[in-house]
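The values are calculated or read from the model by the stated rules, or taken from the named source; none is laboratory data. All of these numbers come straight from a predicted model, not from anything done at the bench. All Cβ positions, even for glycine, are placed from backbone atoms using ideal geometry, and neighbour counts span all protein chains on display. The accessibility values were calculated without ligands, DNA or RNA, using every heavy atom of the protein model including side chains. Shrake-Rupley method; radii C 1.70, N 1.55, O 1.52, S 1.80 Å.
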Amino acid sequence: MKTRTLLLLSVAMALAILMAGGVFLLQLSNESATVRTAAIGELVEVGDVDVTVIEATQSGGTLAVDVEVGGVDDADGIESFTLVTGDRRLAPLAAPADGRCSSITEPAQRCRIDFDVSGAESSSRVLVLRRGDDQRNWALGV
């Protein structure tokens with residue numbers, strides 16, 4: 001092949017790549033992937049689970065979130081909750097304790113989800129529940 005042909009092919013490929021990138025950016029700009037923040041006391045459905053966050057209190061280095069949760073039998077369901085602070089993502093405390101949620105059951109139950117926030121430097125607290133492709137957030141004003 002001649003040099004001129006190779007140069008024309010490379011310019012054509014660069015234009016094709018540029019056009020494909022532009023189409024991709026246009027698709028991304030039309031998407032709305034925002035997660036609606038639920039209010040404290042509001043009953044919400046996240047995937048197969050019904051959740052109502054009742055209140056959140058902080059005592060020492062532990063944040064306790066009182067919830068009413070149910071809708072499906074899931075022994076590991078509490079692990080779907082996380083607490084996002086300004087500087088880290090925290091998993092719930094798993095050790096059994098009186099009143100602490102240990103699993104999600106089909107009938108709704110009122111229990112407490114505890115998080116160790118002693119190492120978190122930020123005062124921002126957002127409870128996140130992710131079930132499958134669904135996610136819901138609660139801004140905790142603690």
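Rolling a 1.4 angstrom probe over the protein heavy atoms with all chains in place gives the stretch 1-137 an accessible area of 64 Å² per residue. Rounded to the nearest 10 degrees, the inclination of helix 3-29 to the longest alpha-carbon principal axis of the chain is 30 degrees. As a fraction of the 1.4 Å probe accessible area of the stretch 6-98, surface on carbon and sulfur atoms comes out at 61 percent. Taken one residue at a time, the phi angles of the stretch 102-107 give Karplus couplings (6.51, -1.76, 1.60, θ = phi - 60°) of 10, 7, 9, 10, 4, x Hz. Gly and Pro are set to x. Among 93-99, 59-65, 39-45, the peptide with the highest mean count of other Cβ atoms within 10 Å heads the list, and the full ranking is 59-65, 39-45, 93-99.
The local environment of residue 111, defined by Cβ-Cβ distances under 11 Å, has a net charge of -1 under the rule Lys, Arg +1 and Asp, Glu -1.
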